[in-house]
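To keep things clear, I will list the structure first and then write my remarks on it.
The values are calculated or read from the model by the stated rules, or taken from the named source; none is laboratory data. Just so we're clear, the structure is a prediction, and the values are computed from it rather than from any experiment. Ideal geometry is used to build each Cβ from the backbone, glycine not excepted, and the neighbour counts take in all protein chains shown. With ligands, DNA and RNA removed, areas are computed over all heavy atoms of the protein, side chains included. Shrake-Rupley method; radii C 1.70, N 1.55, O 1.52, S 1.80 Å.
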Amino acid sequence: MIKRILMSIMLALMYSMAFAQYYRCTKAEKNIFDLCSDEILNRTEYRTDEEFARLNECYYIPTEKQSLIRQYISNREFHKVCLEYLIPDSLQQRVRSKIKIDEHYQDSIDRILIPELENKISGDNISFALHSKKYLKLDTAQYEYLMAKALDMTHRIRKNRTLNVWNEEMEVLKKTL
């Protein structure tokens with residue numbers, strides 16, 4: 001009997017540590033989670049699986065980066081599920097908040113996807129330079145500068161899919177390399 005109690009306590013502690021390790025949340029989200037933890041975690045896991053599969057279908061994700069992308073998606077989906085409990089009656093406000101959450105996590109995901117040439121998220125030349133960072137011997141400052149420019153281009157390309165960034169890429173690469 002004592003072993004079962006100790007095991008239950010240990011599992012509860014491990015569960016709470018795992019939750020704290022993965023999801024940073026506001027007080028309101030924590031309060032909602034305390035009330036509906038199983039349902040929120042189930043919905044988060046379901047959405048994470050679906051979004052990860054969708055992203056994996058659309059883009060090449062290197063094997064060694066899959067767990068990191070999955071974690072970003074899981075965090076994003078957790079916050080979005082919590083919003084459904086926090087703002088159940090205001091569709092407009094909930095949608096605006098979810099868009100902000102998506103934007104917040106998108107750059108982190110894009111930083112992983114941009115250097116992979118097959119993904120074509122940003123300009124081809126800047127993606128190639130980022131992909132070839134070891135060959136080009138880019139230092140951290142150069143890499144971060146190119147990544148910032150690539151993210152800026154990505155934002156603009158998403159707004160206008162026909163945008164041509166070739167000349168801009170070449171200028172950035174000339175200045176940086």
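Assorted remarks:
- Screening LEU130, LEU55 for residues that are open to solvent by less than 30 Å² (accessible area, probe 1.4 Å) and under 18 Å from the mean Cα position of the chain (by Cα) leaves exactly one candidate, LEU55.
- So GLU77, is it closer than 26 Å to GLU29 by Cα, surrounded by 13 or more Cβ atoms within 10 Å (Cβ to Cβ) and touching a helix residue (DSSP H, G or I) at 6+ places or on another chain (Cβ under 6 Å): yes
- Each residue in region 133-177 was checked for being open to solvent by 90 Å² or more (accessible area, probe 1.4 Å), part of a helix (DSSP H, G or I) and β-branched (Val, Ile, Thr), and 1 of them qualify.
- Unique residue being touching an Asp or Glu at 6+ places or on another chain (Cβ under 7 Å) and among the hydroxyl-bearing types (Ser, Thr, Tyr) when the list is THR154, THR176, THR162, THR140: THR154
- When ARG24 is tested against (1) surrounded by 11 or more Cβ atoms within 10 Å (Cβ to Cβ); (2) modelled with pLDDT under 85; (3) over 25 Å from ILE112 (Cβ atoms), only condition (3) is not met.
- Residue that is least open to solvent (accessible area, probe 1.4 Å), among those in region 110-127 that are acidic (Asp, Glu) and part of a helix (DSSP H, G or I): ASP110
- Qualifying residues in region 28-52 (those that are crowded, with 16+ Cβ neighbours inside 10 Å, closer than 29 Å to ASP110 by Cα and not hydroxyl-bearing (Ser, Thr, Tyr)) - the one farthest from the chain's Cα centre (by Cα): PHE33
- When the residues of region 80-95 are filtered to those that are of a type in the set (Val, Ile, Thr) and in a helix (DSSP H, G or I), the one that is least open to solvent (accessible area, probe 1.4 Å) is VAL81.
- Selection status of SER67, farther than 24 Å from VAL165 by Cβ, part of a helix (DSSP H, G or I) and either open to solvent by 20 Å² or more (accessible area, probe 1.4 Å) or not hydroxyl-bearing (Ser, Thr, Tyr) (or both): yes
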